[in-house]
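Worksheet: the structure to be examined is printed underneath.
The values are calculated or read from the model by the stated rules, or taken from the named source; none is laboratory data. Quick caveat, the model's predicted, so the values are computed rather than measured. Counting neighbours? That spans all protein chains shown, and the Cβs are built from the backbone with ideal geometry, glycine included.
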Amino acid sequence: MKNLLIIFFLLINFELFSQDYGIDLERSKIKWTGKEITTSSHYGTLKFVDGEINIQQETVTGKVIVDMLSLSVDDLTGGSKARLEGHLRSDDFFSVSNHKSSTIEVKSSKKNGDDFDVDGVLTIKGISHPINFILSVDDKVATSKLTFDRSKYDVRFRSGTFFENLGDKLILDDIELEVELYLN
């Protein structure tokens, strides 16, 4: 009987510290920033199609699906905005007509203070590579800042990895992401 009570207590505690969350698709977003070799940069947002996260006391698991059709440029307006959005969606960059979604999947994680140190897989244009980032969870909001190398995902336009002598036309390969997930 004592063992049964201990098992019951452990199951209750496990349920208290393990929670599955969906993602509030309306409020959750990714802010992206791309930079040129000069001081010029552009930024915008992406939305999510789906995703879920399981948060336990010492680990987090989950997967989110990014809607590449939602790619927007937020630092420009009018025709400049429309042209850059079209260019980023084209085969020069993310080939959105052929690759409508991208994913970030957690493969392993461990508690690091108040945050989680996450090892995952980022898939863009059907190409997957490992990625590491810190995930913070506070009051049903998960946030992270991460950077990926676009050249690893065959995003070639004005990349120094693929082309020489670009001078001040070079666009840096590192794309910065600020992820904000509102959890249901």
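In the list 63, 81, which residue meets the criterion of being over 20 Å from the mean Cα position of the chain (by Cα) and more than 26 Å from residue 165 (Cβ to Cβ)? Steps first, please.
Working: 63 fails: over 20 Å from the mean Cα position of the chain (by Cα).
So the residue among 63, 81 that is over 20 Å from the mean Cα position of the chain (by Cα) and more than 26 Å from residue 165 (Cβ to Cβ) is 81.
Could you tell me how many of the residues in the range 149-170 are closer than 22 Å to residue 128 by Cα and not polar (S, T, N, Q)? So that I can check it myself, show each step before the final result.
Going through the range 149-170, the residues closer than 22 Å to residue 128 by Cα turn out to be 149-162.
Checking the rest, the ones that are also not polar (S, T, N, Q) come to 149-150, 152-158, 160, 162.
Of the residues in the range 149-170, 11 are closer than 22 Å to residue 128 by Cα and not polar (S, T, N, Q).
In the range 133-155, how many are touching a residue at least 60 places away in the same chain (Cβ under 8 Å) and surrounded by fewer than 15 Cβ atoms within 10 Å (Cβ to Cβ)?
Total satisfying the criteria: 1.
Taking the range 92-122 only, how many residues are polar (S, T, N, Q), under 20 Å from residue 180 (Cβ atoms) and touching a strand residue (DSSP E or B) at 6+ places or on another chain (Cβ under 6 Å)?
Going through the range 92-122 one residue at a time, the tally reaches 4.
Mind listing just one residue for me: the one in the range 54-67 that is in contact (Cβ under 8 Å) with a residue 40 or more places away in the chain and in contact with a strand residue (DSSP E or B) (Cβ under 7 Å, 6 or more places away or on another chain) and, of those, surrounded by the fewest Cβ atoms within 10 Å (Cβ to Cβ)?
Top of the filtered list is 58.
State whether the residues of the range 160-178 include one that is of a type in the set (S, T, N, Q), on the phi < 0 side of the Ramachandran plot, more than 11 Å from the chain's Cα centre (by Cα) and part of a strand (DSSP E or B). Working first, answer last.
Narrowing the range 160-178 to residues of a type in the set (S, T, N, Q): 161, 165.
Now narrow it down to the ones that are on the phi < 0 side of the Ramachandran plot: 161.
Right, trim to more than 11 Å from the chain's Cα centre (by Cα) and you get 161.
From what is left, the residues that are part of a strand (DSSP E or B) are none.
No, there is no match, as no residue in the range 160-178 is of a type in the set (S, T, N, Q), on the phi < 0 side of the Ramachandran plot, more than 11 Å from the chain's Cα centre (by Cα) and part of a strand (DSSP E or B).
Mind checking which residues of the range 110-129 are in contact (Cβ under 8 Å) with a residue 40 or more places away in the chain and surrounded by fewer than 20 Cβ atoms within 10 Å (Cβ to Cβ)?
The answer is 110, 111.
Among (1) surrounded by fewer than 20 Cβ atoms within 10 Å (Cβ to Cβ); (2) outside any strand (DSSP E or B); (3) modelled with pLDDT of 95 or more, which single condition is residue 70 missing?
(2)
Mind checking which residues of the range 159-184 are in contact (Cβ under 8 Å) with a residue 40 or more places away in the chain and closer than 22 Å to residue 98 by Cβ?
Matches in the range 159-184: 171, 175, 177.
Return yes or no: is residue 159 at pLDDT 95 or above, over 24 Å from residue 61 (Cα atoms) and among the hydroxyl-bearing types (Ser, Thr, Tyr)? Before you say what the answer is, go through the steps one by one.
Numbers: at pLDDT 95 or above: no; over 24 Å from residue 61 (Cα atoms): yes; among the hydroxyl-bearing types (Ser, Thr, Tyr): yes.
No; evaluated as a whole, the condition is false for this residue.
So, of the residues in the range 22-49 that are part of a strand (DSSP E or B) and among the charged types (D, E, K, R), which turns out to be surrounded by the most Cβ atoms within 10 Å (Cβ to Cβ)? It would help to see each step written out before you state the result.
Filtering the range 22-49 down to residues part of a strand (DSSP E or B) leaves 22-23, 29-36, 41-49.
Retained after the next criterion (residues that are among the charged types (D, E, K, R)): 29, 31, 35-36, 47.
Numbers: 29: 20, 31: 15, 35: 17, 36: 15, 47: 17.
Out of the qualifying residues, it is 29.
Give me the pairs, please: first residue somewhere in the range 25-43 and within 18 Å of residue 84 (Cα to Cα), second residue anywhere and assigned to a loop (DSSP other than H, G, I, E, B) and modelled with pLDDT of 95 or more, beta-carbon distance under 7 Å, and either six or more positions apart or on two chains.
If the second residue must be assigned to a loop (DSSP other than H, G, I, E, B) and modelled with pLDDT of 95 or more, the pairs left are 42/75; 43/74; 43/75.
Could you tell me whether any residue of the range 147-155 is in contact with a Phe, Trp or Tyr (Cβ under 7 Å, 6 or more places away or on another chain), modelled with pLDDT of 95 or more, closer than 18 Å to residue 64 by Cα and not in a loop (DSSP other than H, G, I, E, B)?
no
Restricting the range 73-98 to residues that are over 16 Å from residue 31 (Cβ atoms) and among the β-branched types (Val, Ile, Thr), which is surrounded by the fewest Cβ atoms within 10 Å (Cβ to Cβ)?
The extreme case among them is 77.
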